[in-house]
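See structure below.
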Amino acid sequence: MIPRDSQGARWFDEEAGPIVRPYAVTKGRTLPDSSASFGLIDVVVATGEGPSGHFRPGPEHRRILSVCRRPTPIVDLTSEIDLPLGVVRVLLGDLTNEGMLRIVSAQRQPVPDQRLLRMVLDGLESL
Amino acid sequence: MDLNRYDGARHDSARHGSARHDNGPSAAPSTAKILIAGGFGVGKTTLVGSVSEIRPLRTEEPLSDRSVGIDDTQGLSAKTTTTVAMDFGRISFSSQLVLYLFGTPGQERFWFMWDDLSYGAIGAVVMADTRRVADCFASIDYFERNDIPFIVAVNCFEGAPRFEADDIRIALTLNPQVPVLLCDARDRESVKKVLIGLARYVMLSRSQPSAASRG
């Protein structure tokens with residue numbers, strides 16, 4: 001269906017936003033098919049493994065793998081490839097399921113430890 | 001984006017631990033985050049921009065936790081996602097440590113984002129404007145309920161009435177140990193002091209669990 005405004009005019013220039021709805025690239029999935037959780041500041045890296053079985057990486061999967069050749073925090077990845085966070089999480093789930101990507105650093109506790117706090121405090125004081 | 005300084009990691013030892021900090025030269029960076037909360041227009045983005053490089057983040061979240069089936073996407077008129085465009089700040093202390101500052105979207109309909117943003121956060125800075133003190137009640141409630149340490153930073157707008165920190169503490173019915181700082185969100189040194197104040201307070205309160213957990 002072509003979006004139309006109240007006068008019935010077609011309305012799908014760039015200002016209308018993306019024509020493909022965000023979850024189309026995930027085939028409608030809104031949650032990752034993976035037990036892994038992807039925190040905003042968790043760090044992921046491509047493993048260099050190829051796809052196995054029937055999995056065919058889409059263009060967005062390949063963009064993620066390209067950025068993640070180096071360990072990359074998920075929030076930076078999301079900003080860089082300009083897809084919504086929820087979409088990125090679904091795609092990351094696909095890639096970790098396939099062994100093409102892994103989480104190298106993750107927050108597994110709701111509260112940061114004293115050592116990280118000390119590092120941040122030292123960093124801020126030397127800014 | 002300065003990802004070139006990250007060297008390719010070959011380790012996988014962190015999967016079952018908390019964030020790792022024993023980073024050698026070829027490891028992933030340690031990451032930490034601080035939340036910047038407060039009412040609309042209180043200066044959250046200004047504060048973040050004073051000390052860090054600002055980047056955009058798109059979040060387009062499903063309105064329900066239920067997975068939307070492939071068939072459902074045929075009816076594209078159905079509103080199944082809500083869009084939040086937000087900014088975040090990034091301070092790279094070295095290739096080994098990156099601090100993120102997340103401004104929390106203030107409106108209540110975005111509260112689904114807050115749990116995600118606050119998990120694992122060091123703590124929060126609640127920004128207050130003396131002309132609209134009540135605007136930060138919701139943030140304070142949230143952090144108190146979720147046991148997330150926070151400090152209050154009063155953004156001193158020109159022309160706004162000046163108060164002593166203690167007056168603000170009373171107006172917000174804060175616990176006596178919660179620091180209240182006066183700041184100028186446009187000023188880098190002032191914002192640094194706020195962030196340092198938060199980090200020190202959190203270190204203290206986390207090492208004395210009873211101090212900050214009283215709601």
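Read the figures in this text as sums done on the coordinates, not as results from a lab. This structure is a prediction, so every number in the text was calculated from the model and none was measured. Backbone-built Cβ (ideal geometry, glycine too); neighbour counts: all protein chains shown.
What to note about this one:
- Dimensions (Å) - segment B:87-215, Cα atoms, principal axes, largest first: 42, 33, 33
- Neighbour cut-off at most 15 other Cβ (10 Å), DSSP loop, GluC sites (Glu not before Pro), segment A:46-127: A:49
- For segment A:21-108, projected area of the alpha-carbon convex hull averaged over all directions, nm²: 5.1
- Residues whose amide H comes within less than 5 Å of that of residue B:53, counting only those at least five positions distant or on another chain, are B:90 (H built at 1.01 Å from N in the peptide plane).
- Projected label distance in nm at residue B:115 and residue B:83, using a 7 Å step from Cα toward the beta-carbon: 2.6
- Applying both filters, DSSP loop and at most 16 other Cβ atoms within 10 Å, to the GluC sites (Glu not before Pro) of segment B:117-215 gives B:158, B:164.
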